[in-house]
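Trainee: Structure provided below as structure tokens; questions to follow.
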Amino acid sequence: MIGTARTAVSVLLLALVVALAGCHSGTAASSVQSVKANPTVSADVAQAKAQAEAVINQCAAQLGGTKGPGIGALLSAQVMSQLATHSGRAKFETCVFPSPAKRAAASTCIQQAVSNAGLGLVTGAGRQQAAQGIFNCVEKNM
């Protein structure tokens, strides 16, 4: 009787392990298949980056900077010092955002990125950090 119970428990455990292993590999395979089955994901990301760069270039030019590849348009001390002021942020916020809600979210992001860089804006590293933060915010809110 005890031997039969041990065998039944062993078989049950073995069946459970096999079932869990099959379930796990099925989940992993399905997630890989869904990425491969949806080639538009990378196209959407590329489009968002291109739109973010266009917004940043336009706004940086309005703030007195020069157009450049994405973050590069924000890196000048002149542009970052203007973004650190209310008038600079207000001008940046009026650029091409698709909806008032996204514009407000981007505005909040920009203010946080600039204020988190703090006095580091006077250094190249501080400007790089703030510019990267602003680029990420714009890209996310496109």
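The values are calculated or read from the model by the stated rules, or taken from the named source; none is laboratory data. A quick note: this is a predicted structure, and the numbers were derived from the prediction, not measured. Heads up, the Cβs are rebuilt from the backbone with ideal geometry, glycines too, and the neighbour counts pull from every protein chain shown.
Trainee: Looking at the stretch 94-119 only, could you name the residues that are in a helix (DSSP H, G or I), surrounded by fewer than 15 Cβ atoms within 10 Å (Cβ to Cβ) and either in contact with a Ser or Thr (Cβ under 6 Å, 6 or more places away or on another chain) or free of Cβ contacts under 8 Å to residues at least 40 places away in the same chain (or both)?
Mentor: PRO100, ALA101, ALA104, THR108, GLN112, SER115, ASN116, GLY118, LEU119
Trainee: Check SER81, SER107 and return the single one that is among the small types (Gly, Ala, Ser), in contact with a Leu (Cβ under 8 Å, 6 or more places away or on another chain) and either within 16 Å of ILE56 (Cβ to Cβ) or in the same structural domain as ILE56 (by TED's automatic domain parsing) (or both).
Mentor: SER81
The rows are residues; the columns are (1) surrounded by fewer than 16 Cβ atoms within 10 Å (Cβ to Cβ); (2) under 17 Å from THR108 (Cβ atoms); (3) not assigned by TED's automatic domain parsing to the domain that holds GLN111.
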residue	(1), (2), (3)
ASP44	yes, no, no
THR85	yes, yes, no
GLY88	no, yes, no
PHE92	no, yes, no
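Trainee: Tell me which residues, restricted to the stretch 103-126, are of a type in the set (Ser, Thr, Tyr) and more than 14 Å from SER81 (Cα to Cα).
Mentor: If the condition is that a residue be of a type in the set (Ser, Thr, Tyr) and more than 14 Å from SER81 (Cα to Cα), then SER107, THR108 are the ones that fit.
Trainee: Filter the stretch 73-83 for residues that are surrounded by 18 or more Cβ atoms within 10 Å (Cβ to Cβ) and part of a helix (DSSP H, G or I) and give the result.
Mentor: ALA73, LEU74, VAL79, MET80, GLN82, LEU83 - these are the residues of the stretch 73-83 that are surrounded by 18 or more Cβ atoms within 10 Å (Cβ to Cβ) and part of a helix (DSSP H, G or I).
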